[in-house]
Each structure stands twice: as structure tokens, then as C-alpha cells.
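Below: one structure, written as C-alpha cells.
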Amino acid sequence: FSNQNARGILYNPGFQNHNFTIFKDFAITENQRIQFRAEAYNWPNHPNWNGADTNPRSPTFGKIQTKSSERQLQFALRYQF
């Protein structure tokens with residue numbers, strides 16, 4: 001794109017989300033098991049930037065000032081019978 005063709009266009013950043021799950025089953029008896037699970041949402045802790053300010057009268061016009069998607073970890077035990 002030349003500057004003339006891209007005039008008036010605000011580009012917002014893309015969105016990335018990488019999740020990770022690992023689990024292990026432990027046998028107690030023949031019919032009973034316990035499962036341990038560890039889950040990580042957005043495990044590399046990559047920031048997802050929100051859109052740019054599109055109000056031309058705002059002093060922050062065209063700037064991205066907020067983000068979302070912090071890393072979240074979750075652990076669980078599951079009893080199966």
C-alpha cells in the first residue's frame with residue numbers, strides 16, 4: 001500500500017490465544033480412578049491489544065491503550081467410578 005491508498009484506515013492488531021492442557025490418570029482399584037488436570041489459558045501470556053481509539057476529536061486518536069487476555073491457570077482432581 002502506498003500512503004495515498006491507505007489513507008483513512010486504522011489497522012487493529014490481531015488476536016492470538018494459545019491454551020495448554022495436561023492430565024494424568026491414577027488407578028485406585030479396577031473400577032476407580034483419579035485424574036489430575038492442569039490447564040493453562042493463554043499460557044505464553046501474550047497480550048491481546050484492544051482496538052485503537054477511532055474518535056478523531058480524542059487526544060488519544062489512533063492509539064491502543066488497553067489489553068486483555070492475561071494468563072490463567074486451573075488445576076483439578078476428578079474422581080471416576
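The values are calculated or read from the model by the stated rules, or taken from the named source; none is laboratory data. This structure is a prediction, so every number in the text was calculated from the model and none was measured. Positions of Cβ are generated from backbone atoms using ideal geometry, with glycine treated the same way; all protein chains shown enter the neighbour counts. Note: accessible area is taken over every heavy atom of the protein model, side chains too, but ligands, DNA and RNA are not part of it. Shrake-Rupley method; radii C 1.70, N 1.55, O 1.52, S 1.80 Å.
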* Using beta carbons and a limit of 7 Å, which pairs, at least six apart or on different chains, have the first residue in segment 49-75 and farther than 17 Å from Gly14 by Cβ and the second one small (Gly, Ala, Ser) and surrounded by 10 or more Cβ atoms within 10 Å (Cβ to Cβ)? -> Asp53/Gly62; Gly62/Ala52; Lys63/Ala52; Arg71/Ala40; Leu73/Ala40; Phe75/Ala38
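Could you tell me whether segment 22-41 includes any residue that is under 30 Å from Gln80 (Cβ atoms), out of contact with any strand residue (DSSP E or B) (no Cβ under 8 Å at 6 or more places or on another chain) and in contact (Cβ under 8 Å) with a residue 24 or more places away in the chain? Give the steps one after another, and end with the answer.
To start, the set of residues in segment 22-41 that are under 30 Å from Gln80 (Cβ atoms) comprises 22-41.
If we keep only those that are out of contact with any strand residue (DSSP E or B) (no Cβ under 8 Å at 6 or more places or on another chain) as well, we get 29-31.
Remaining after also requiring in contact (Cβ under 8 Å) with a residue 24 or more places away in the chain: 31.
Looking for residues that are under 30 Å from Gln80 (Cβ atoms), out of contact with any strand residue (DSSP E or B) (no Cβ under 8 Å at 6 or more places or on another chain) and in contact (Cβ under 8 Å) with a residue 24 or more places away in the chain, one finds at least one in segment 22-41, hence yes.
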* Report, by residue number, each residue of segment 54-80 that is in a strand (DSSP E or B) and either of a type in the set (D, E, K, R) or surrounded by 10 or more Cβ atoms within 10 Å (Cβ to Cβ) (or both). => Lys67, Ser68, Gln72, Leu73, Gln74, Ala76, Arg78, Gln80
* To do: Could you check how many residues of segment 8-39 are surrounded by 13 or more Cβ atoms within 10 Å (Cβ to Cβ) and modelled with pLDDT of 95 or more?
  => 7
* To do: Taking only segment 42-53 into account, find how many residues are assigned to a loop (DSSP other than H, G, I, E, B) and open to solvent by 100 Å² or more (accessible area, probe 1.4 Å).
  => 1
* To do: Would you point out the residue of segment 49-71, among those that are at pLDDT below 80 and under 8 Å from the mean Cα position of the chain (by Cα), that is farthest from Asn17 (Cα to Cα)?
  => Ser68
